[in-house]
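Colleague: One structure coming up, written as structure tokens, with questions to follow.
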């Protein structure tokens, strides 16, 4: 019930963070520290700390098809991300909080746009002890998404996250997030995550909340101890680990009543029973992944699988304008209701493997292979946005320091299209051959 009334709760969190900032500012304070890429830290005499950081990522992208004329090319200049983040803690570091905004108007995975300022994070975290913490509010869902999404945006190995990430991730949600670390005598560590969230993604407090809660968890095992300088959450081995570092993990989530394709939004896709009451499918996701680093070399591997439980009794679908229909068609042909429901969800499997090497002069060369397997009925078969099984990417990056404060990255991706010729370009034309993506992005962090 608490999670269902999160609009007022989120407002309370925002007020708490703002008042804490004013409290630090009102007391005697000093510029404690500035680090490139890590922001400004302001502390007062009582040990209260505020950290402010921001970064911007101007980007260029072009796409073309090897079997069509150049007029079908797709070019885009944009601000990929423009973030402003406030972090704070009390004198004992027992209580932490964060407020983060995105002014870039682009989704985290880059395949959707928005015209409004986006609230990304608004949460309070309490540290019961050094390795046991509870977070409440809106934040990224580390436990139930694949590992690449836990990587900080400024530290990505390539200009964009993989197609596995954009296809299956929830990205952010609102709820309770529990983490417990267990350290063994041989320095190995077990990290346990548990999440209970709304299951409707970020900012769902602006809309009616549909369905039930989402339950998920993750277990990570680090056989050689923790990575240097938060390296587990940064793709590139910029610290050039002197010892082998590895984390392997498994994750699982159950979304009880999903109202969008993968749980990012609330109310996008709705169904009713014969009495007009909302009746929704359940969405199940699981996967396993690993990250390895050693002396500049890094490797990331991921597997994700999703499926859905569609209840009996769905009688009608709700259109975008609020009207209803009892017609259930796929490609213009009537299908079973359950197949229609599945056809609007992101159902199937995805594999992603990438690796790279960072030279001592901070040049990096990287490569990635991503493979998607769509279920028979799945939105992964949509010819405009998906229906492309294989992605081959090579990239090169130049970092100008070890703080990720300034870097330039470029990549080239070869995309294999649907073998039945059902893939379409942005002009809605059916295309053959292959697609080629070129991306260039610059990160400037303060």
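Just so it is clear, none of the values below were taken in a lab; they were calculated from the coordinates. All values derive from a computational prediction rather than experimental measurement. Counting neighbours? That spans all protein chains shown, and the Cβs are built from the backbone with ideal geometry, glycine included.
Colleague: How far apart, in nm, are the 7 Å Cα→Cβ label points at residue 396 and residue 192?
Modeller: Output for this residue pair reads 4.8 nm.
Colleague: Using 0.36 nm times the number of residues separating residue 40 and residue 221, minus their current alpha carbon distance, what extension gain do you get?
Modeller: Once the chain is fully extended between residue 40 and residue 221, it gains 61.8 nm.
Colleague: Where does the chain land at 222 nm, in deg cm²/dmol rounded to the nearest 500, when only DSSP H runs of n ≥ 4 count, each adding -39500 (n - 2.57), divided by all residues?
Modeller: On the way: 3 runs with 34 residues, N = 446.
Calculated at 222 nm, the ellipticity per residue is -2500 deg cm²/dmol.
Colleague: Oh, and also: Go through 52-63, 160-171 and give me the packing order, highest mean Cβ count within 10 Å leading.
Modeller: Values: 52-63: 18.1, 160-171: 24.7.
Ranking the peptides 52-63, 160-171 by packing returns 160-171, 52-63.
Colleague: Next question, about the same structure. Say each of residue 309 and residue 67 gets a label point 7 Å from the Cα, pointing the same way as Cα to Cβ; how far apart are those two points in nm?
Modeller: 4.1 nm
Colleague: Which residues in the stretch 198-242 have a backbone N closer than 14 Å to a point placed 7 Å from the Cα of residue 131 along the Cα-to-Cβ line?
Modeller: 220-227
Colleague: Would you mind getting me the FRET efficiency between residue 75 and residue 185? Use the beta-carbon distance for r and R0 = 45 Å, nearest 0.05. Intermediate results must be reported in sequence, preceding the final value.
Modeller: Numbers: r = 57 Å, r/R0 = 1.26.
So, using R0 = 45 Å, E works out to roughly 0.20.
Colleague: So, one more: Starting from the Cα of residue 295, step 7 Å along the direction of its Cβ; do the same at residue 242; then give the gap between the two resulting points in nm.
Modeller: A separation of 1.3 nm, rounded to one decimal place.
Colleague: Using the per-residue mean of other Cβ atoms lying within 10 Å as a proxy for protection, in what order, highest first, do the peptides 416-423, 375-382 fall? If you can, show how the numbers build up before the last one.
Modeller: Values: 416-423: 16.0, 375-382: 19.6.
Going by the mean number of other Cβ atoms within 10 Å, highest first, we get 375-382, 416-423.
Colleague: Would you please classify the overall shape of the stretch 293-446 from the alpha carbon gyration tensor, given that a ≥ b ≥ c denote the square roots of the eigenvalues, rounded means a/c under 1.5, and beyond that prolate means a/b larger than b/c while oblate covers the rest? Walk me through the intermediate numbers first.
Modeller: On the way: a/c = 2.52, a/b = 2.26, b/c = 1.11.
Prolate is the answer for the stretch 293-446, as a/c is 1.5 or above and a/b outweighs b/c.
Colleague: Work out, step by step, the length gained on full extension between residue 444 and residue 274: first 0.36 nm times the residue separation, then minus their alpha carbon distance; give nm to one decimal. Provide the component values of the computation, followed by the final result.
Modeller: Working: separation 170, 0.36 × 170 = 61.20 nm, distance 5.44 nm.
Length difference between fully extended and current span is 55.8 nm.
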